[in-house]
Structures are given as C-alpha cells and as structure tokens.
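See below for the structure under consideration.
The values are calculated or read from the model by the stated rules, or taken from the named source; none is laboratory data. Values in this document were obtained by computation on a predicted structure and should not be read as measured data. Neighbour counts run over all protein chains shown; Cβ positions are idealised from the backbone, glycine included.
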Amino acid sequence: MVRTLVGSRIRERRRALKQTQSALAQAVGISASYLNLIEHNRRGIAGRTLLALAAELEVDISELSEGADGVLVNRLTEIAKTSSEIPEIERTEEFIGRYPGWAKLLASVGKTAQSQRENLAALTDRMNHDPFLSETMHQILSNITVIRSTAGILDTTPDISDEHRTRFLKNIRTESQRLSTTAQAMVDFFDAPQTETTATPHPEDEFWVQLKHHLPELEAGITTIETLLDQQPKRTATSTSALQHSLQYYRDVARDLPLDAFHRAISSTACDPLALAQHFNTPVINVLHRLAHLPASPDTPAFGLMECDMSGAILLRKEIPEFALPQYSSACPLWPIYRAFAAPGQPIRAVLEMPTGVQVTTFSIARTITSDRYDLPPLLRSTMIFTTDPRAALPTSPPILAGLHCSVCPRKHCAERRIDYILS
Amino acid sequence: MAGKILLIEDEPHIVEALSFLLEREGWQVVAHSNGADAAQVAALRQPDVIILDVMLPNKSGIEILREIRANTQTAQKPVLMLTAKGQARDRAAAQEAGVSVFMTKPFSNQAIIDTVRSLAQ
C-alpha cells in the first residue's frame, strides 16, 4: 500500500474534528510522537492501529487507506529521473503527502516539459527532412556562392575591365535580390499559420506513425486490437472504424506472412513483391504492406509506404530518410501511385529519380475498397512502397525524372508542372 | 595555356564567375548547362578537368559522374563536384560514383583554383 495519503488523511480528518494530536493518540493507545510521525507520512500504518484510528475518526477504514495516488508517485519519480540532479526519490511519497498541491503542480509542469521536448524533437526532425527547407537552403547557398565569388573577383582584380566590372556588379545585385526573396520565403514559411492540410493528419496515418508501423505484440497475440484502440485518444466513430479495419488487415497479413518465413523468402526472391506474392499465394497488396511494416533490420531493405484515395488525399504515409513525402496531398503527378488508378489490380514497378539524384525503387498497385453500390464506380485505394536500397533495385528500368511536388521541384521544363517552383 | 576545363553548371552567374577566375589563370573554360548530354560532351571535348554541379536539369550530377566513369574515353578524367548540399549521404554517393574531389558551396576562389591546379597535375 502506498502510505502517502494515509497519514495526511488522518491529519486532515483529525483537524476537521478539531481534535488534538495528543487526544487522538491517547484514544487509540499510541504515543503522540508516533502519531505525529504517522501524520507526516514518516511511518507506515496498518492493522489494528489503523482500525482504531478510523473508528476514532468516525470514518470507514477505506476512506483512509484507499485511493493512494500511485500514478502521481510514478509520474514524479519519472520526472525526477530525467533531471541531471536527482532529488530524494525515496521520499517521493512523503513529499506528495506533505505538499499534495505542489506535487500535482510539479507533475503538471513535468508533463508540459515532456510534451514540449517531444514537440521540439518533431520540429528538429522537420528541419532536417522538410523538402522546402532543404531546397531553400540550397538556393541560399547558391546565391551566397555567386556573391562571394564575384565580390572576391572585384576585390582582387584591380585591372578588371569596365565591361566585366559592370556585369559582375549587376550579377551581385541580382543574386542579392534573389537571396532576399528566398530569405523572405523562408520567414513566411515559418510565420504561416498551420492549416488543416499541413496540421491535421488522417487519423489512420497519425496512428501508425505513433506505433512506428510495426506491432510485434499484436502479431504475437500479447495484445488485442481493442486494447490498441483504447490507447488512442480523441477517437471519432469514423476514425475508430478506419483504425479497426487497418489493424485487422495488419493482423491478417501478419498471420498469412509470418515474419521468419517472410524474411527467408525475401532473400530467395531478391525482394521481388510479385515473386513473394506467388511464393505465399497471397495478393501482392498484402506483400507490399508486409514489406513496409517490417521491423528495421540490416538484412532487409527499409521500405516506406504511401496510400491515397481517388482524390489524391494521402491516408497513410511512412517516410524513409532518403525520400520525403508531402504532408497530406499534392505529390508529384508522375509518381506511379496515381498511375495505378488507371488499371486497378495491375502492379507497377518504377524507378523515380529525384532532383537530388537519389533513385527510388517503387512498387504500386490500386485496389478496390468497395464495389457493391448501384450506379457508382468502385471506390479505389492506391498503395506505393518505395526504397533506395540497391538490393531492391529493378534490373532494367529507365528512371522517371520526378520530384516531390511542384512548388519545391526545380525541374523547370517538366510537362506536368502545375504551379511555379517557389524558388525560381 | 594551362589546359581545358569542362564546367557543367546551370547557374549562369556561377558559370560567369568561375569562367572569369579560371581563364585568368590560363585555363580554357567550356561551359555546359544541360545534364542530359553532359557525359557525351565530356567525351567529345576531352577536358583536362571536369567541374560538375550535383543538381542539374534533366539529370543529376551523380548520374552524370557514373556515365563519365563508365565511358573509357572519360573514365580517368579528374572530376571536381560542386554542391550546395554537404550532407553525408550526398558525399557518400559522389564518392561511390568515383568523384575525385567533392567541394561544397560557398567555396573560396582560391580553393577552386588550387584544387583545379592539383587535379590537372
């Protein structure tokens, strides 16, 4: 039993009855000094003494002994362990008992600090992987290169011709203006309020990100779908239904494609999804999902995943470090995930070459979600998995020169361009 | 004359500055801005040193470098790669493709001159 609140409750109740410590101690047959230790949570209490105190204080014993706040003890202990100077953890219960208000406040502040640390980590991650920031930094460095190099020439070439001087000064002015425009774009980017399209992920997407796309406990039967759903806050009926289907699908695929057998088959099929589907006699979409949901291992290529509906809205995304995905819509129309809608059920394999030169091997397929509706086309969902791992490279496939999306793509003459490159 | 340099770069102001700088040192500079046929141009022009930007329209510098190394006419040519991306994975990709020297923007004029000179020796 956590003794924290027992002593404090005894004291509160005694004071409420306007009884002195010595009177209560005498009534239950203990010394006043011992009662003082109990009331200050410095001595545990149980058995006959507790029964006697409860009777004397005219309360049920459970009112004194139950509901001790173990959660608060654990929370404060966790906070204490994150500190560089660890306080007296062994006296946490005493602290809660003596200063319950301060203890709750400290727990609340600790929770806020933890939340802010997580936000900071997410922002740092964004700084490292956001394609807009990456492109902006590239542009800024190019502007600075011209300015630095040209200014250096003007500074160290006293006999430069008037024609060259005029041209170089003009170049510095042009690049300075571009630099200022690019810097302003970056400031605007950070100042822009978060809109629904960038701030509100699809619940299924958010859920899988949180669970890191692999559920070993569900696969082993240690946890259930219901337990996992219960752990998700802010659920609506729609999101619950989507998550439930998603988890059931994951569990079914994991059952049909057991991890060990799947790993062995990956080696023997050179990670070819179609060959894996034939090996396990299962639809290729199941193989794509299994590949994307494998635990990280040096023995198998790491695959990212993207799923979208017929409007192009991204429903599920798993990034890999070498290949960023747009937040929730507007990816490059050259990506085969969109082409897959033209021929549902037909697997497509393609290599994308990004403006950075990174080559990405992709496998895509669109599948029918529901077709039992009169006079309406079937609802489709398209899936693409991707990797930069050479073990999954395609034998003969000229790359598609693609981008992330138009606003951050420097391919100026692309026929698919629908909006300007933001840094042009 | 010091020799011939093929400068594969799509930023015209960088081309102007580097051309001026290297021509003053006695180099003949041939500039080319399109990634699609850059490797063929290298084979045709037979430069002493190739300066290659990583990000180019139509084809990445890494891919061009692979083509240069795959062609017996250019396989041994020294290649200086320029990039505004100094990230470890870009550097690793360039090294894997056979780069001679990898330099990140912004660079100093003297560093470019010294590097080109040492590559040509």
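Below, the figures for the structure above:
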quantity: Residue that is within 14 Å of chain A (Cβ to nearest Cβ) and over 26 Å from A:Ile400 (Cα atoms), where the choices are B:Glu25, B:Glu67, B:Glu11; calculated: B:Glu25
quantity: Tabulated pairs, the range A:147-166, first of a type in the set (Lys, Arg), second in a helix (DSSP H, G or I), C-beta under 8 angstrom, 6+ apart or interchain; calculated: A:Arg165/A:Leu154
quantity: Selection status of A:Ser108, exposed (fewer than 13 other Cβ atoms within 10 Å of the Cβ), small (Gly, Ala, Ser), part of a helix (DSSP H, G or I) and modelled with pLDDT of 80 or more; calculated: yes
quantity: Qualifying position, being more than 10 Å from chain A (Cβ to nearest Cβ) and not in a loop (DSSP other than H, G, I, E, B), among B:Ala92, B:Ala75; calculated: B:Ala92
quantity: Hits in the range A:286-312 - residues which are assigned to a loop (DSSP other than H, G, I, E, B), under 19 Å from the mean Cα position of the chain (by Cα) and either free of Cβ contacts under 8 Å to residues at least 12 places away in the same chain or farther than 17 Å from A:Ala393 by Cα (or both); calculated: A:His293, A:Leu294, A:Pro295, A:Ala296
quantity: Evaluation of B:Ile8 against (1) within 26 Å of A:Glu135 (Cβ to Cβ); (2) surrounded by fewer than 22 Cβ atoms within 10 Å (Cβ to Cβ); (3) at pLDDT 95 or above (one fails), failing number; calculated: (2)
quantity: Residue check for B:Pro57: in a loop (DSSP other than H, G, I, E, B), within 15 Å of B:Ile8 (Cβ to Cβ) and not small (Gly, Ala, Ser); calculated: yes
quantity: Residues (part of a loop (DSSP other than H, G, I, E, B), β-branched (Val, Ile, Thr) and either within 53 Å of the chain's Cα centre (by Cα) or surrounded by 15 or more Cβ atoms within 10 Å (Cβ to Cβ) (or both)) located in the range A:1-55; calculated: A:Val2, A:Ile30, A:Ile45
quantity: The listed residue being farther than 25 Å from A:Pro347 by Cα and modelled with pLDDT under 85, out of A:Leu376, A:Leu423; calculated: A:Leu423
quantity: Single residue of A:Ala392, A:Ala324 found to be surrounded by 17 or more Cβ atoms within 10 Å (Cβ to Cβ) and away from chain B (no Cβ under 14 Å); calculated: A:Ala392
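Every residue, every condition in (1) in a strand (DSSP E or B); (2) in contact (Cβ under 8 Å) with a residue 40 or more places away in the chain; (3) within 14 Å of chain B (Cβ to nearest Cβ), yes or no:
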| site | (1), (2), (3) |
| --- | --- |
| A:Gln346 | no, no, no |
| A:Leu352 | yes, yes, yes |
| A:Val360 | yes, no, yes |
| A:Phe363 | yes, yes, no |
| A:Arg367 | yes, yes, no |
| A:Asp375 | no, no, no |
| A:Ile385 | yes, yes, no |
| A:Pro410 | no, yes, yes |
| A:Ala415 | no, no, yes |
